[in-house]
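> Below you will find the structure I want to go over with you.
The values are calculated or read from the model by the stated rules, or taken from the named source; none is laboratory data. What you see is a predicted model; the values in this text were computed from it and never measured. When we count neighbours, we look across all protein chains shown, and the Cβ atoms used for this are built from the backbone with ideal geometry, even at glycine. Just so you know, the surface numbers come from the protein's heavy atoms only, side chains and all, with ligands and any DNA or RNA stripped out. Shrake-Rupley method; radii C 1.70, N 1.55, O 1.52, S 1.80 Å.
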Amino acid sequence: MNVNRRPTIIDVAKRAGISKSTVSLVLQNSPAVREETRALVRRAMAEIGYVYNRAAANMRMSNAGLIGLVINDLRNPFFTEFATSLQMALAERGYSTVIANTDESPQLQDQVVGSMIEHGVSALIICPAYGETAATFDAIARGGIPTMQMRRRVDERLDRFPLIAPDYVTGSREATQHLIAAGARRIAFVRGA
């Protein structure tokens, strides 16, 4: 063990000759651990000077209610309104939201999703960037993070990454019928990419 750094759970596990998981159970006062094992862990902790950092453990546990929201273009007023409404709705249910804008960059999307996974988000809602997104969704699948695609389907594994999107066909039909009923005769449709 390097004497210039603070001892870790891994150091305790090595010293006690048991798994890191067992040390963690002892620190959580789990009834699943035998008293002899508890004594072994306490002795190893004392020998190497390990001090349990409860604040850090509580911070790790607090991420259980953290939802990642990844948006392709937050400058778009639709997404600004959506992100605000979703964040407020999640807050009412006890969740915190971390929001990232990818600016339609698959590379930035990979980076922010990876960071959210590292920080322990419980779930992701992602309006994916256009382009090569396999790396993003493969990382999410490996992490086992419940994820929903929003507005755009870029990954076909809908059993794994369900999609929620407007019904553009029905909406277009109803909007056109409304305009015709209002007397419009020359109707144009303007859209983005």
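> Return the residues of segment 31-60 that are modelled with pLDDT of 80 or more and either open to solvent by less than 70 Å² (accessible area, probe 1.4 Å) or within 24 Å of Ser122 (Cα to Cα) (or both); say none if nothing qualifies.
If the condition is that a residue be modelled with pLDDT of 80 or more and either open to solvent by less than 70 Å² (accessible area, probe 1.4 Å) or within 24 Å of Ser122 (Cα to Cα) (or both), then Val33, Thr37, Arg38, Ala39, Leu40, Val41, Ala44, Met45, Ile48, Gly49, Tyr50 are the ones that fit.
> So Ile187 ticks every box in (1) at pLDDT below 90; (2) open to solvent by 60 Å² or more (accessible area, probe 1.4 Å); (3) outside any helix (DSSP H, G or I) but one. Which box is left unticked?
(1)
> Which members of segment 106-145 meet the condition of being assigned to a loop (DSSP other than H, G, I, E, B) and in contact with a helix residue (DSSP H, G or I) (Cβ under 9 Å, 6 or more places away or on another chain)?
Of everything in segment 106-145, those that are assigned to a loop (DSSP other than H, G, I, E, B) and in contact with a helix residue (DSSP H, G or I) (Cβ under 9 Å, 6 or more places away or on another chain) turn out to be His119, Gly120, Val121, Ser122, Cys127, Pro128, Ala129, Tyr130, Gly131, Glu132, Thr133, Ile145.
> If we scan segment 161-181, do we find a residue that is over 16 Å from the mean Cα position of the chain (by Cα), part of a helix (DSSP H, G or I) and at pLDDT below 85?
Yes: segment 161-181 contains one or more residues that are over 16 Å from the mean Cα position of the chain (by Cα), part of a helix (DSSP H, G or I) and at pLDDT below 85.
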